[in-house]
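The values are calculated or read from the model by the stated rules, or taken from the named source; none is laboratory data. As the structure is a computational prediction, the values presented were derived from the model and not from experiment. Glycine also receives a Cβ, built like all others from the backbone with ideal geometry; neighbour counts cover every protein chain displayed. The accessibility values were calculated without ligands, DNA or RNA, using every heavy atom of the protein model including side chains. Shrake-Rupley method; radii C 1.70, N 1.55, O 1.52, S 1.80 Å.
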Amino acid sequence: MDINYQDERFADLQLLRYRLNGFEKLSLRQKRLVYYLAKATLSGRDITFDQYGKYNLRIRKMLEVVWTDSSIERETADFKALEVYLKRIWFSNGIYHHYGCEKFEPGFSRDYLRAVLHQVNAERLPLREGETVEDLCRKLFPVIFDASVLPKRVNKANGEDLVQTSACHFYEGVTQQEVEDFYSAMKQQHSDDPEPPSYGLNSTLVKEDGVIKELVWSSEGRYANAIRQIVFWLKKAVEVAENEYQKEIITLLITYYETGDLSVFNKYCIEWVGEHDSAIDFINGFIEVYGDPLGLKGSWEGLVEYIDEEATHRTQTISRNAQWFEDHSPVDPRFRKPVVKGVSANVICAAMLGGEEYPSTAIGINLPNADWIRAQYGSKSITISNITDAYNKAAHGNGFKEEFVIDKPTLDIIEKYGDMCDDLHTDLHECLGHGSGQLLPGVDPDALKAYGNTIEEARADLFGLYYIADMKLVELGLLPDDKAYQSQYYTYMMNGMMTQLIRITPGHQIEEAHMRNRALIAHWCYENGTAMKLVKREGKTYLEISDYPQLRSLIARLLAEVQRIKSEGDLEAARQLVERYAVKVDPELHAEVLERYQKLNLAPYKGFINPMLLPVYDASGEICDVQVNYSESYSHQMLRYSAEYGTLI
């Protein structure tokens, strides 16, 4: 079935669709496995909403009642503004921007919302026992309308209490110092553990009656209703697993969800890394810690995938040569891995996105995150071909490159090599970058604290940038010649210096870890060499790169320093590097970039509508096929998910 890759657009968002290439070639057993894993992937949706803000679920459910009530006049300016606000909430899993983390400004008034809440059937509203509509207004209106109340989901401003100034719902009644002391004491108590758990990964830390304790996320603890539904579908998946090893892995994940025991999660991660025979794979759990200002708590996410056989040749070539890349890295030999273990890399097709991976998703993933598991057992890397393909098809001919690239020769190089090098850099970042290097003995993996995520992303990006310019990639047949890398250097540095500013609100600094990483690399190279500069042509600013070999040397120097910071746990050096190069925004350049971008009439952020996986049943009630349908609208999908997977209140 042909699909239209571009769909609805609103605010700063463009909805896209992705195609399940080759799904029809999977066996019935594999299709059933994908279907059950997809249901498990969607079942955790409410967890992500709650993690992203204490009031997100009630606000979402309240506005869904208003939006679906047929008695409400739909042609007023207030209603249309409420509609956009609700669609943004669906996209961002809450009332905070999915990328910038700032709270949305509603375009409708308090009086309007109060009036329509009194107009709808109160029994449909998310009222607590004994609560009235006015009680609901008093509770939620300050969160929605008062800009000073819980203004940011994740605050990373240096010098502030990052826990108490962040609206994410991982902590209740505790300060940053109390959190750090709590987990420091826990680590100290178990300092001799050779297989340490990721302390705090799956719990809310609260203070009750003066006592600090963890509320563990499990089928018997916090988020129990959602987790039980996830477990139900995982148990169905066990029945149709591709092999005994995969069955054991899914069973371990179920045990982890049922107990909340992080040592079981370690076992699951180790076994998951070691399984390479299945065509179907998945991610399901509390994984990435970017949503926590302290980088401890895992946001819930889900992804179902199957191998893209043709494209996987590229990543397998890289992973087979992992030791060569590690040995030739420009970092201090003390910080290299003597033996690279278990690096596996696949190009995959996403079959379903969920939680933190939906609607906005990564294009590459490397897991697990525990450094000791990476060192002893290796890691799995994926790049998602059908997501990248959808981005490329949607961006074709939109005028962005023509507006910001300095000249036609550079544009020609980007047109010729850009997609190829983008994919390859993602592969190097995920397959090798995150898995490269090692911590020195005794270094705490969380030593870099709030700066850890930015440093880690910079480390992986620098690794990819350094090697994409290496003749080894030409020898391996991954690039056609020694000029191709220039397309990646130019677009990367242009993004870090200029074009990613389209995602920043005027007057704000850079907060998101991946954006900080790109700014850090570009600005450091800009200030510490003469390879590139910003020039004015006909009143417009462009990036000019005059010396690509020198730029690679600068990247090598910065990679060596960033790896040192990571390996030694040098918090002060991390702080200085990030605060100097990765945070500040030039307001004049920012204004110019925004003005030029606005004329292109493009949305700076993209996300996806999931396909529908529709089971077909035979006369005995057994699934005899799973069909893919791409016709569901964004609003219908979001309301259906709220109805089918609305497990938390």
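Pop out the carbon and sulfur fraction of the accessible area of the stretch 298-452 as a percent, whole number, probe 1.4 Å.
For the stretch 298-452, the apolar C and S fraction of the accessible surface comes to 52 percent.
Projecting each Cα onto the charge dipole of the stretch 509-562 (Lys/Arg +1, Asp/Glu -1 at the beta carbon, about the Cα centre), which of ILE555, GLN509, ILE545 comes out farthest on the positive side?
About the Cα centre, the residue reaching furthest to the positive side is ILE545.
Post the alpha-carbon centroid distance, the stretch 557-616 to the stretch 378-404, in whole angstrom.
The stretch 557-616 and the stretch 378-404 have Cα centres separated by 16 Å.
Compute, for the chain, the length of the dipole vector about the Cα centre, with Cβ point charges of +1 (Lys, Arg) and -1 (Asp, Glu) only. Units Debye, rounded to 20.
That gives a dipole near 680 debye.
Grab the beta carbon distance between ARG114 and GLU588, set R0 = 45 Å, and tell me the FRET efficiency rounded to 0.05.
Calculated transfer efficiency: 0.60.
Once phi is turned into ³J(HN,Hα) by the Karplus curve 6.51 cos²θ - 1.76 cosθ + 1.60 with θ = phi - 60°, what whole-Hz value does each residue of the stretch 387-395 show in order, with x for glycine and proline?
6, 4, 4, 5, 4, 5, 5, 6, 8
At 222 nm, what helix-only mean residue ellipticity would the chain give, in deg cm²/dmol to the nearest 500, using -39500 (n - 2.57) for each DSSP H run of four or more?
-14500 deg cm²/dmol
For SER184 and ARG557, what is the calculated FRET efficiency with R₀ set at 41 Å and r taken between the beta-carbons, to the nearest 0.05? Working shown, then result.
On the way: r = 33 Å, r/R0 = 0.81.
Once rounded, the FRET efficiency stands at 0.80.
For the stretch 1-87, state which trypsin sites (Lys or Arg not before Pro) are in a DSSP loop and have at most 16 other beta carbons lying within 10 Å of their beta carbon.
Sites meeting the loop and neighbour criteria: LYS54, ARG74.
Given the options TYR112, GLY435, SER27, identify the residue whose Cα lies farthest towards the positive end of the charge dipole of the chain (+1 on Cβ of Lys, Arg; -1 on Cβ of Asp, Glu).
Among TYR112, GLY435, SER27, the one farthest towards the positive end of the dipole of the chain is TYR112.
So who's got an amide H within less than 5 Å of the one on ASP308, skipping anything under 5 residues away but keeping other chains? H placed 1.01 Å off N, in plane.
Correct list: VAL347, ILE348, CYS349.
Which FRET efficiency value, to the nearest 0.05, is calculated for VAL206 and TYR548 with the Förster distance at 45 angstrom and r the Cβ-Cβ distance?
So, using R0 = 45 Å, E works out to roughly 0.30.
In nm, to one decimal, how far is the VAL339 label point from the LEU476 one, both placed 7 Å along Cα→Cβ?
Going from the VAL339 label point to the LEU476 one covers 2.2 nm.
Using the Karplus curve 6.51 cos²θ - 1.76 cosθ + 1.60 with θ = phi - 60°, what ³J(HN,Hα) values do you get for each residue of the stretch 406-422, in whole Hz, with x for Gly and Pro?
Result, rounded to whole Hz: 5, 7, 5, x, 5, 4, 5, 4, 5, 5, 6, 10, x, 4, 4, 6, 4.
Express the relative contact order of the chain as a whole percentage, based on alpha carbon pairs under 8 Å and six or more residues apart in sequence.
With pairs under 8 Å counted, the relative contact order is 17 percent.
Which listed residue (ALA351, LEU577, GLY399) has the Cα farthest towards the positive end of the charge dipole for the chain, taking +1 on Lys and Arg C-beta and -1 on Asp and Glu C-beta about the Cα centre?
Value: GLY399.
Per the Cauchy relation, a quarter of the hull surface: what is the mean projected area of the convex hull of the alpha carbons in the stretch 361-483, in nm²?
The orientation-averaged projected area of the Cα hull of the stretch 361-483 comes to 9.6 nm².
Which chymotrypsin sites (Phe, Trp or Tyr not before Pro) in the stretch 36-134 sit in a loop by DSSP (not H, G, I, E or B) and have at most 10 other Cβ atoms within 10 Å of their own Cβ?
Listed in order of number, the matching sites amount to none.
With every protein chain present, what is the per residue accessible area of the chain (1.4 Å probe, Å²)?
40 Å²
So for the stretch 512-649, averaging the separation of alpha carbon pairs under 8 Å that are six or more residues apart and normalising by length, what relative contact order in percent results?
Working: 98 pairs, mean separation 23.7, N = 138.
Reported relative contact order: 17 percent.
Under 8 Å for C-alpha pairs, at least 6 residues apart: give me the relative contact order for the stretch 530-609, rounded to a whole percent.
18 percent
Magnitude of the Cβ-charge dipole of the stretch 517-613, K/R +1 and D/E -1, about the Cα centre, nearest 20 debye?
300 debye
With charges set only on the Cβ (+1 for Lys and Arg, -1 for Asp and Glu), what does the dipole of the stretch 444-557 come to about its Cα centre, in debye to the nearest 20?
Result for the stretch 444-557 is approximately 400 debye, rounded to the nearest 20.
Return the sequence-ordered ³J(HN,Hα) values of the stretch 320-326 in whole Hz as given by the Karplus equation 6.51 cos²θ - 1.76 cosθ + 1.60 applied to θ = phi - 60°, using x for Gly and Pro.
5, 9, 4, 5, 4, 4, 5
Given DSSP loops and a limit of at most 13 other Cβ atoms within 10 Å, what is the longest stretch of the chain that contains no such GluC sites (Glu not before Pro)?
Value returned for the longest uninterrupted segment is 221-537.
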